[in-house]
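Asker: Here you go, one structure.
The values are calculated or read from the model by the stated rules, or taken from the named source; none is laboratory data. Owing to the predicted nature of the structure, the values given are computational and were not obtained by experimental measurement. Glycine also receives a Cβ, built like all others from the backbone with ideal geometry; neighbour counts cover every protein chain displayed.
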Amino acid sequence: MEKPIKTSNTTLLAAALALCAIPACGMDQNVSAHGQIIDRTTHALSAGSVKEIKGSYSAACKDRSSGTWSVGDGDVSFTLDNAPLSVVLNNSLCRLTMTSVRLKPASGPAAEYSASNRELADTYGSPLAFKLGGAGSTVFYGNANLTPADFSADFVLGFLYSEDPSAADGGSKTAGFTQQYGSATFMGGTPPNYTATVSGLSLATDINNVVQSAGGVVVLTNGVVGPHLGTEYVVSKTDLSSTAPTYLEVYNAYNASSMGEQKLLLADLSTPLNIPAADLRLVGEDITADKTRAIIIANFDAGGNPSYEVITVTFHNAQ
């Protein structure tokens, strides 16, 4: 007689649980925070150094019922008050609020310092005044940001602090700039004669000297003495400032479409022309070392041969 087949429900349940441990069963992937502590003090704080940043999750942060988080400075011997900060991958609606930080002096226990709560974003805000236990006199100033703030990957919580509020402003600085003029003439041709006003430009950089925003315009005005009209111009990334550029160098820069240059018509030559800051393509550029932009204006003779005026604007990191 054939024996009946026995089925073990326990074994099947265990197998089902094991299968549900893989992502196909709907478990969310998390991204983790890494702390970047930036000490901008001019002398060591008696309160010590920053060891932990603390905060809370918003209601839109999926699966974060604990409500609080911590980010450490990387010292594994230091015990954090809360679970390490993490967010579900791409949970861009999640909002993180920084509530306090803990500093540890050279000797003795760590102490907690609070300021106004700050919802973190991808840019630094105004400096916050941190006080022991949130009361009394200000001990230091701090600031923080998130990169990337949409939680599309593991992210960095940057926290900088200083006893000077101006040093804790997130590094937002206004870049400086200078300009110079040159020309490249084709066999007796006539180069244009424009002046550029750059005083209306404004560039803001972060703590790493990377341009975060650019505003204003460069104003091109036809020269007063012996004006020669141009017909086209480009804004080039080619550095034409180091030496007097040759005709071939300017010609190649003007026609370097592979670098993203776009020829633009000087439509109304009788009035000043405004070149928007966006056309300089400076946002995202690191200006620790000077960066240049060449405004190249072309004038064509009867045979279609161009002569050029080169107005080079050099952008300097603010000190």
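Asker: Wholly within the stretch 42-107, which strands (runs of 3 or more DSSP E) include no fewer than the required count, namely at least 2 residues that are at negative phi and free of Cβ contacts under 8 Å to residues at least 60 places away in the same chain?
Answerer: Correct list: 49-57, 68-72, 96-104.
Asker: Of the numbered conditions (1) free of Cβ contacts under 8 Å to residues at least 24 places away in the same chain; (2) assigned to a strand (DSSP E or B), Leu160 satisfies every one except a single condition; which is it?
Answerer: Condition not satisfied by Leu160: (1).
Asker: Looking only at residues that are surrounded by fewer than 13 Cβ atoms within 10 Å (Cβ to Cβ) and within 20 Å of the chain's Cα centre (by Cα) in the stretch 287-316, which one is farthest from Val234 (Cα to Cα)?
Answerer: Selected residue: Thr288.
Asker: So, in the stretch 108-117, of the ones that are in a loop (DSSP other than H, G, I, E, B) and on the phi < 0 side of the Ramachandran plot, which residue ends up surrounded by the fewest Cβ atoms within 10 Å (Cβ to Cβ)?
Answerer: Selected residue: Pro109.
Asker: Consider only pairs whose beta carbons are under 6 Å apart and that are at least six residues apart or on different chains; among these, list those whose first residue lies in the stretch 284-308 and is touching a residue at least 60 places away in the same chain (Cβ under 8 Å) and whose second residue is acidic (Asp, Glu).
Answerer: Here the result reads Ile297/Glu309; Ala298/Glu232, each pair linking the stretch 284-308 to a residue that is acidic (Asp, Glu).
Asker: Same structure again: Which one of these does Ser86 not meet: (1) among the polar types (S, T, N, Q); (2) within 17 Å of Ala44 (Cα to Cα); (3) touching a strand residue (DSSP E or B) at 6+ places or on another chain (Cβ under 9 Å)?
Answerer: (2)
Asker: While we're looking at this one, here's another question. Can you tell me how many residues in the stretch 33-48 are closer than 27 Å to Ser86 by Cα and loosely packed, with under 12 Cβ neighbours inside 10 Å?
Answerer: Matching residues across the stretch 33-48 total 0.
Asker: Over 30 Å from Tyr124 (Cα atoms), surrounded by fewer than 20 Cβ atoms within 10 Å (Cβ to Cβ) and either assigned by TED's automatic domain parsing to the domain that holds Ile37 or at pLDDT below 80 (or both): does that describe Gly223?
Answerer: Here the answer is yes, as Gly223 does meet what is asked.
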